[in-house]
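The structure appears below as C-alpha cells.
The values are calculated or read from the model by the stated rules, or taken from the named source; none is laboratory data. This one's a predicted model, so the numbers in the text were calculated from it and none came from an experiment. FYI the Cβ positions are ideal-geometry reconstructions off the backbone, even for glycines, and counts take in every protein chain you see. Surface accessibility is based on the protein's heavy atoms, side chains included, excluding ligands, DNA and RNA. Shrake-Rupley method; radii C 1.70, N 1.55, O 1.52, S 1.80 Å.
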Amino acid sequence: MAVPSVLTPQSEDFPKWYQDVVAKAEMADNGPVRGTMVIRPYGYAIWERIQSAIDGRIKLAGAQNAYFPLFIPESYLSKEAEHVEGFSPELAVVTHAGGERLAEPIVVRPTSETVIGEFMAKWIQSYRDLPLLLNQWANVVRWELRPRLFLRSSEFLWQEGHTAHASAEDASAYAMRIHLRVYNDFLEKVLAVPTFLGIKPPSERFAGATNTMTCEGMMRDGKALQMATSHELGQNFARAFDIYYQSEEGQAQLCFTTSWGASTRLVGGLIMAHGDDNGLVLPPAVAPWVAVVVAVREDEEILAACRRLHEELTHGGVRAQLDDGRRGSFGRRVTDWEMKGVPVRVEVGPRDLAQGLVTVVRRDTGEKFPVALSEVASLVLRLAEDIQRDMYQAATAFRDARTSDVTSLDEAIVAAQSGFARLTWDLVGEAGEARLKAEAMTVRCLQRSDGSIPANDLEEGLIAIIAKSY
RNA sequence: CGGGAAGUAGCGCAGCUUGGUUAGCGCGCCUGGUUUGGGACCAGGAGGCCGCGGGUUCGAAUCCCGCCUUCCCGACCA
C-alpha cells in the first residue's frame, strides 16, 4: 500500500520510533514534573498483565506480599556504606513537612532494602523464622539524569523481593530460583523475550550486593536491556540492620539476605523487543485484548455477527474487544489496532459474510485467513498459542543472528555496534571495561560457556556478553 | 551535569532575519451530510497568557537579558 508510514521507521530513528509508539498506541504521557510518567489505560492494562504473571510466579516460589512505607529516615540509607554511596546522587529528599523543617530529612525510597532490613531484624528471632520471604509491589523514586518513558522514569512501579536466610547457600539458591523460575520463565513464556542470563561484573553490581544476576534481552536495534535482576546481598545488610537469628545450637548468627526486582521498564522492553514499523506487536499472553472483532462497516447484519463473535470469543476464554465501526473508516481503525499490537484481528465484512466467512489476520506475520464463522473461536485460541510461540522463536532467531563470538576486544567493539559480542572474560579485564566505556558499551553479563549462570566472577573460562544498552 | 536542537491550538509545524491590521497551515476535535474490504470526502464550527519573568519601544511571537522545560548524544541507572 502506498500509504505513508504512520510512524518514524525503526531503521530511520529508533528512539523516535519508540516515542511515537508510546504516544500513538496510547501507552503513556510525560508527567508535569521532570521525568515523571502518566501511564495511560492501555499501557497500564499491559502492566497489570505483567504484574499478575510475575506475582503468581513469586507466590509459587513461596514469597508473601507485604507493604512498607514510601518514606525512609535518611539515616537508614547511610547504614550500609556502598548502598548510600550508590544511591545518594539520585535521591529525592523531603526536608519540610507540616510547614516546618524536619529534624531528620526523609528520603523517598529508591529501593527498600533498608526499611525492610530494619523490620526483618525485629521479626526474625530463631532459625525457625527462616527463610523469611517477602515481596512488595510499590513505586520508587530515583532522580535520573536522563529520563525516558518506561525505560527510566523518576518514579517507577516495580516489585521488589527481599528475603533472609540462615546460610549463604540457601540465599544463593533462592536468588537463583527467583531468577530462573520467576523472571526468566516469565520473560520467555509471557513476554516472549529470549534472554542471556548471567552475573554482572563487579563494576556493574548493585550497590551493597555481593553478587548480581541479570536477564539481558535484545531490542530490535541490537541494544541490550536489563529486564530483571536478582542480588545476593551476603551479610552486608544483615550486619547494617542487625538481622540475627538464634541457631539450633543456640548461637546468634547473622542472616544472609537477597533482593530482586522487575519494573515498568519491562513495558519498554516489550515495545522494543517485538515492535515493528506499524507499531506494537504484543504476545497474546500480555495483550490486554488477544483479539479484536472489527466490523468493516456499520451495518445491522454485520454488527449482529460481530456481537455474536465477540460473545463467543469471550465465553471461550479469549480477551476480546469489539470495534463496531463507529470510529471512522475501516482502514483507519485497522491501522489503530495494529498500532496497539492486538495479536489477532477478526474482520467481518459483507462479502465474506455472504459466504458465512470472516477474515482473520495475525498481527505478528500479517497473514490473513478466510475462516468459517463457526470456527473463529477455536481458531483464535489456536492462533494465540501459535503467535506466542512464533514470536519467541522469531525474537530468538533475531537475537542469535545479531550475536557473534569474537576473539578480541577490537572485534567485540565492531560487533557490539549492532548487536551482542561474546568474548572470553579474561580478554576484557579492567582496561577492557574502560575501553568499552569509551565506546558506550558495557559488559552486560558474565556467563559460563554453556550459557548457564556462574556462582561468581572468579570461575574459570567465563564469557562476557558485550553490548550497547539502555 | 557536559555537548547539540527546540519551545507558537491536543499533535506536527510556518511566521521571527527586516518589530506594525484580527497570529496562520496540516492533522486531530465538534455539528450536519455522503462514506466505510488498508490512515475517506464536502460544508460549517470550537479551540492560542506565541514556555515563564523582566527589559527596549508609540507598538514585541518577532529585538535584548535571565530562568524553566522537552528531545537527541554522553556520564548515572531498573
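Things worth noting here:
- Cα-Cα over 24 Å, subset of A:Lys79/A:Lys122; A:Lys189/A:Lys437; A:Lys189/A:Lys340; A:Lys122/A:Lys200; A:Lys16/A:Lys189; A:Lys24/A:Lys59: A:Lys189/A:Lys437; A:Lys122/A:Lys200; A:Lys16/A:Lys189; A:Lys24/A:Lys59
- 222 nm mean residue ellipticity, helices alone, for chain A (DSSP H n ≥ 4; -39,500 (n - 2.57); rounded to 500): -10000 deg cm²/dmol
- In Å², nearest 10: area of A:Ile302 left accessible to a 1.4 Å probe: 0
- Solvent exposure of chain A amounts to 44 Å² per residue of accessible area, where only protein heavy atoms count and the probe is 1.4 Å.
- Between A:Gln64 and A:Thr424, full extension at 0.36 nm per residue minus the direct alpha carbon distance yields a gain of 125.6 nm.
- Coupling constants for region A:88-104 follow from the phi torsions by the Karplus curve (6.51 cos²θ - 1.76 cosθ + 1.60, θ = phi - 60°), and in residue order they are 3, x, 10, 7, 9, 10, 8, 9, 10, 7, x, x, 10, 6, 7, 5, 10 Hz; glycine and proline get x.
- The distance linking region A:413-466 with region A:327-375 is 46 Å (Cα centroid to Cα centroid, whole angstrom).
- Only Cα pairs under 8 Å and 6+ residues apart enter the sum, and on that basis the relative contact order of chain A stands at 14 percent.
- Carbon plus sulfur fraction of accessible area for region A:291-383, probe 1.4 Å, in percent: 48
- Placing a label point 7 Å from the Cα of A:Gln246 along the Cα-to-Cβ line, the residues of region A:159-177 whose backbone N sits under 18 Å from it are A:166.
- Karplus-derived 3J(HN,Hα), 6.51/-1.76/1.60, for each residue of region A:144-150, Hz, glycine and proline x: 6, 6, 10, x, 9, 3, 6
- For A:Lys189, the solvent-accessible surface computed with a 1.4 Å probe is close to 120 Å², ligands and nucleic acids excluded.
- In this rough spin-label picture, where each label sits 7 Å from Cα along the Cβ direction, the A:Ser452-A:Gln125 distance is 4.1 nm.
- Computed extension length for A:Thr95-A:Asp390: 101.0 nm, one decimal, from 0.36 nm per residue of separation with the Cα-Cα distance subtracted.
- With all protein chains modelled, accessible area of A:His96 [1.4 Å, Å²]: 110
- Reduced Cα scattering model of chain A, Debye log10 I(q)/I(0), q = 0.06, 0.07, 0.08, 0.14 Å⁻¹: -0.31, -0.42, -0.54, -1.33
- Rounded to the nearest 20 debye, dipole of region A:14-274 from Cβ charges on Lys, Arg, Asp, Glu: 880
- Extension gain, A:Ser11 to A:Ala397, is 137.1 nm, computed as 0.36 nm per intervening residue step minus the present C-alpha separation.
- Couplings for region A:133-138, taken from phi via the Karplus curve 6.51 cos²θ - 1.76 cosθ + 1.60 with θ = phi - 60°, read 10, 10, 9, 9, 9, 7 Hz in order; Gly and Pro are left as x.
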